[in-house]
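Here's the structure, in structure tokens; my notes come after.
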Amino acid sequence: MSKKRRITGPAQSAGVHSTAPVVRMQVQAAVMQGQPVVIVLQPDTVSVVGEDGELLAADTVETSVKAAGGQPLTLTPDFTGEPAAGWQGRFTPATDELLIHFPSGVVFYDGALPSTPEWVAQVRAESSIVLLTGPMATVNDFEPLLDAGRILWTRVPLDVR
């Protein structure tokens, strides 16, 4: 069993960066409710604490995604609708490269996403993905976090090249 890490530092505006040691993310392609999905796993949860000790953000990923239109995932999810305003994504199947930006332009994820030809075809047909996030270190954390209302989703437009 791996030891949970706590990263501390001076209080700053909550934000997500793709470079270590601030946060590490892994993504997994899946299909849920007939929709192409990207599940974001984060082995580390980064908190922001003020100089006075006040907790400003328990999980900067969760805080940032909520602020950018992320919605709590519920059982029997309804993923219909337009992509969330301002999000941008690009996926290159030949190299498995995925790049996703928040509406502010800050990088949310920049890294690998292994996929299948069927998943890519579905993404091309939809021109978007459903992004699922939460403080999940592994896929085994999904169900307890879903029960706790801590899984968020947002539809992100995705340009497949």
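For the residues THR138, THR92, THR74, the requirement of being exposed (fewer than 15 other Cβ atoms within 10 Å of the Cβ), closer than 17 Å to GLN33 by Cα and out of contact with any strand residue (DSSP E or B) (no Cβ under 6 Å at 6 or more places or on another chain) singles out THR74. Within the range 36-79, the set of residues being assigned to a loop (DSSP other than H, G, I, E, B), over 16 Å from ASP141 (Cβ atoms), of a type in the set (A, V, I, L, M, F, W, C) and modelled with pLDDT of 85 or more comprises ALA68, PHE79. For the range 37-75, a residue qualifies if it is closer than 18 Å to ARG24 by Cβ and hydrophobic (A, V, I, L, M, F, W, C), and the qualifying residues are VAL38, ILE39, VAL40, LEU41, VAL46, VAL48, ALA57, ALA58, VAL61, VAL65. In the range 43-70, the residue that is surrounded by the most Cβ atoms within 10 Å (Cβ to Cβ) out of those that are among the polar types (S, T, N, Q) and more than 12 Å from the chain's Cα centre (by Cα) is THR45.
When ARG150 is tested against (1) assigned to a strand (DSSP E or B); (2) closer than 27 Å to SER47 by Cβ; (3) touching a Gly at 6+ places or on another chain (Cβ under 9 Å); (4) charged (D, E, K, R), just one condition goes unmet, and that condition is (1).
Can you tell me which residues in the range 95-106 are under 20 Å from ARG155 (Cβ atoms) and either in contact (Cβ under 8 Å) with a residue 40 or more places away in the chain or in contact with a strand residue (DSSP E or B) (Cβ under 9 Å, 6 or more places away or on another chain) (or both)? Those that are under 20 Å from ARG155 (Cβ atoms) and either in contact (Cβ under 8 Å) with a residue 40 or more places away in the chain or in contact with a strand residue (DSSP E or B) (Cβ under 9 Å, 6 or more places away or on another chain) (or both): LEU98, LEU99, ILE100, HIS101, PHE102, PRO103, GLY105, VAL106. If the condition is being under 12 Å from LEU158 (Cβ atoms), part of a loop (DSSP other than H, G, I, E, B) and among the polar types (S, T, N, Q), then the range 107-140 contributes SER115, SER127. Look at (1) assigned to a strand (DSSP E or B); (2) under 16 Å from ALA68 (Cβ atoms) and you find that SER104 fails only one, number (1).
The values are calculated or read from the model by the stated rules, or taken from the named source; none is laboratory data. All of these numbers come straight from a predicted model, not from anything done at the bench. Quick reminder, even Gly has a Cβ in these numbers, built from the backbone with ideal geometry, and neighbours come from all protein chains shown.
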